[in-house]
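Visitor: Dumping the structure here so I can ask a few things about it.
The values are calculated or read from the model by the stated rules, or taken from the named source; none is laboratory data. Just so we're clear, the structure is a prediction, and the values are computed from it rather than from any experiment. Backbone-built Cβ (ideal geometry, glycine too); neighbour counts: all protein chains shown.
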Amino acid sequence: MTAQTTRDVLMVGLGTIATTHLHVLDQRADVRVVAGVDPQPSEQPFPVFASVEAALAEAPEPDLVVVATPTDTHPALVQEVLRSTGALVLSEKPLARDLATIRALEQAEPDLADRVKVAHHFAFSPEIEWARSVAAAHPQWGPPSHILSVFNDAYGGFSAERRASYVSTWVDSGPNQLSLLGAFVGGWRLLDHDDRGDRSVTTLAHDGGTTVLTSNWLAADSSKQTTIDYAGGARIRMDHTSMTGVVLEGGRVVEHHGYTGTAGRKEAHYLGLYDVLLRDPSDSRLGVPLATDIAALLEAGELAAAATTIRWTDA
């Protein structure tokens, strides 16, 4: 991006998640959205075009292009923007669902890692920033030995078309879970994965222990929590819905983290993300290497044979 005070933004995709992007960008004095792209445009305070090509004909030199479209459209749109502009590109997550697609992008676009960033927004949630700082301050705890991350979203009543845009609980929630946990562990390897589309359970080995991820669309409301158990006996429990957390040592709570902000959960994520993106786009939480790890695990999960040991029940 240029060194100008106000950076011009092109928003590609004007659906549900773009609403959050636009709301956050509207709160910043250092950016302005100059155009949007959507085949079914809604009324916006900026010009909207049916294609990236048409938008760039009117706004040819954006500083930042945000790709906020359905999952499987990300790679082609990112490549089109890279070849048509000199802009920094922020793609919604996941960048891709398989490793080969990212490798092909890397081969076709040598500057992919420098120019493309991925909106791993969960990694910027306030309770995760807190938990990162707590863990960094206590190296005596040792590595995480076990992690349980439980994500529920009330998507069961959505139309088939809307659910299809999320692909599955694994493709929708898995990148969020993996991106937030990337601050605590690495070296993931898939052990087993059981996926019904609207629910999934995944077990991974990580350096020093195991990670269990569950995701579910058959829920009354959104509810998301992650518990990290450390080899030394400490536990961090984060409630991502309320953006709060606790630390336990010896079974007793020794620290309680509250949230005093006014932004809602998703808005808070993107406020943090844009703060970092516009200040230091090299931050690893936005990087293609993390997106590559996530794509490899998404693909491994989709190709894995079902674990078959899970009893799926509902009320």
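Visitor: If you scan the range 266-287, which residues turn out to be farther than 19 Å from ASP63 by Cα and not hydrophobic (A, V, I, L, M, F, W, C)?
Guide: LYS266, GLU267, HIS269, GLY272, SER284, ARG285
Visitor: Residue by residue through the range 203-225, note down the ones that are over 16 Å from ASP153 (Cβ atoms) and of a type outside the set (Asp, Glu).
Guide: THR203, LEU204, ALA205, HIS206, GLY208, GLY209, THR210, THR211, VAL212
Visitor: Restricting to strands (runs of 3 or more DSSP E) lying wholly in the range 59-157: which have 2 or more residues that are touching a residue at least 24 places away in the same chain (Cβ under 8 Å), more than 24 Å from ALA296 (Cα to Cα) and not assigned by TED's automatic domain parsing to the domain that holds LEU297?
Guide: Those strands (runs of 3 or more DSSP E) span 64-67.
Visitor: With the requirement that a residue be among the acidic types (Asp, Glu) and crowded, with 17+ Cβ neighbours inside 10 Å, what does the range 140-162 give you?
Guide: The one that is among the acidic types (Asp, Glu) and crowded, with 17+ Cβ neighbours inside 10 Å: ASP153.
Visitor: Please enumerate the residues belonging to the range 26-54 that are part of a helix (DSSP H, G or I) and closer than 15 Å to VAL89 by Cα.
Guide: Of everything in the range 26-54, just one residue is part of a helix (DSSP H, G or I) and closer than 15 Å to VAL89 by Cα, namely VAL52.
Visitor: Here are GLU92, GLU129: which of them is surrounded by fewer than 20 Cβ atoms within 10 Å (Cβ to Cβ) and under 16 Å from the mean Cα position of the chain (by Cα)?
Guide: GLU129
Visitor: Still on this structure, please answer the following. Restricted to the range 54-70, and to residues that are within 19 Å of the chain's Cα centre (by Cα) and crowded, with 21+ Cβ neighbours inside 10 Å, which residue is nearest to LEU10 (Cα to Cα)?
Guide: Ranking the qualifying residues of the range 54-70, first place goes to VAL65.
Residue-by-condition table, conditions (1) under 24 Å from ALA205 (Cα atoms); (2) in contact with a Cys (Cβ under 9 Å, 6 or more places away or on another chain); (3) β-branched (Val, Ile, Thr):
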position	(1), (2), (3)
ILE102	yes, no, yes
ALA113	no, no, no
ALA123	yes, no, no
TRP130	no, no, no
ALA136	yes, no, no
HIS146	yes, no, no
VAL150	yes, no, yes
TYR155	no, no, no
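Visitor: Going by what's in this entry, would THR292 be described as over 17 Å from the mean Cα position of the chain (by Cα), in the same structural domain as ILE147 (by TED's automatic domain parsing) and closer than 29 Å to ASP98 by Cα?
Guide: no
Visitor: Let me ask you something else. How many of the residues making up the range 166-221 are assigned to a loop (DSSP other than H, G, I, E, B) and either surrounded by fewer than 17 Cβ atoms within 10 Å (Cβ to Cβ) or at negative phi (or both)?
Guide: 18
Visitor: Could I ask something else about it? What pairs come out if I take residues in the range 224-244 that are of a type in the set (A, V, I, L, M) and pair them with residues that are part of a loop (DSSP other than H, G, I, E, B) whose C-beta lies under 8 Å away, six or more apart or interchain?
Guide: Short answer, once both residue conditions are applied: ILE228/PHE184; ALA231/GLY142; ALA231/PRO143; ALA231/GLY208; ALA234/HIS138; MET243/SER125; MET243/TYR259; MET243/GLY261.
Visitor: Quick one: which of VAL247, VAL276, VAL254 is in contact with an Asp or Glu (Cβ under 8 Å, 6 or more places away or on another chain) and surrounded by fewer than 18 Cβ atoms within 10 Å (Cβ to Cβ)?
Guide: VAL276
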